[in-house]
Amino acid sequence: MTSEPEQQIGVGSQDAFQRLWTPHRMAYIQGENKPTGPGADDGCPFCSIPAKSDEDGLVIARGEQVYAVLNLYPYNGGHLMVVPYRHVADYTELTGPETAELGELTKQAMQALRTASGAHGFNIGMNQGTVAGAGIAAHLHQHIVPRWGGDTNFMPVVGHTKVLPQLLADTRKMLADAWPTSAG
């Protein structure tokens, strides 16, 4: 579907560019769903997600120590996180069982993403502390971002815009259906 560029007052000089509006990003920019402090009772979304249904919390899989959840503000389609249930900020504070299960669910996430979306590669990592880029520094979470050959095109490079082809609820179902049932 194509349309003629719409004249919009107040967007600067008229040009030939169409604009993709992503108003859902404004919630993230303004700090919606961010904790008010470092404690588990300070509105930590990672502490409240496990009490929700999988669909409402965008949970893909639950282990005994950690769970896998879609990122509400994804860098790429299928961007998910593995999060300990326990409110802990630093990787060195994890118990042995938490560390082991975090690693296992990360492997399972990679398998599910390859099965469901044919991911070619991954960016996997944690931002430890606010100065390292952690959006929610008080509750540890590991990012698993699927990548595909050619997924960096003019949109993010020039337009600083990511186009996500699927609703989060649909992505959650697709990945949950592809999640491995046993360790591989």
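Against the list (1) in contact with an Asp or Glu (Cβ under 6 Å, 6 or more places away or on another chain); (2) surrounded by fewer than 18 Cβ atoms within 10 Å (Cβ to Cβ), the condition Pro84 fails is (2). Restricting the first member to the range 134-150 and to residues that are free of Cβ contacts under 8 Å to residues at least 40 places away in the same chain and within 14 Å of Asp90 (Cα to Cα), and the second to residues that are of a type outside the set (Val, Ile, Thr) and surrounded by 16 or more Cβ atoms within 10 Å (Cβ to Cβ), the beta-carbon pairs closer than 7 Å and six or more apart or on different chains are Ala134/Asn127. Annotation: Gly78 fulfils all but one of (1) open to solvent by 30 Å² or more (accessible area, probe 1.4 Å); (2) at positive phi; the unmet one is (1). Within the option set Arg25, Arg62, being at pLDDT 80 or above, under 23 Å from Ser117 (Cβ atoms), of a type outside the set (Phe, Trp, Tyr) and open to solvent by 40 Å² or more (accessible area, probe 1.4 Å) holds for one residue only, Arg62. Under the condition of being within 15 Å of the chain's Cα centre (by Cα) and open to solvent by 20 Å² or more (accessible area, probe 1.4 Å), which residue from the range 33-53 is nearest to Ala137 (Cα to Cα)? Among those that are within 15 Å of the chain's Cα centre (by Cα) and open to solvent by 20 Å² or more (accessible area, probe 1.4 Å), it is Lys34. Looking only at the range 135-148, residues that are open to solvent by 10 Å² or more (accessible area, probe 1.4 Å) and in a loop (DSSP other than H, G, I, E, B) come to 6 in all. When the residues of the range 62-77 are filtered to those that are over 8 Å from the mean Cα position of the chain (by Cα) and of a type in the set (A, V, I, L, M), the one that is farthest from Gly135 (Cα to Cα) is Val66.
The values are calculated or read from the model by the stated rules, or taken from the named source; none is laboratory data. What you see is a predicted model; the values in this text were computed from it and never measured. Methodologically, a virtual Cβ is constructed for each residue, glycine included, from the backbone with ideal geometry; neighbour enumeration extends over all protein chains shown. Keep in mind that these areas ignore ligands, DNA and RNA; they rest on the heavy atoms of the full protein, side chains included. Shrake-Rupley method; radii C 1.70, N 1.55, O 1.52, S 1.80 Å.
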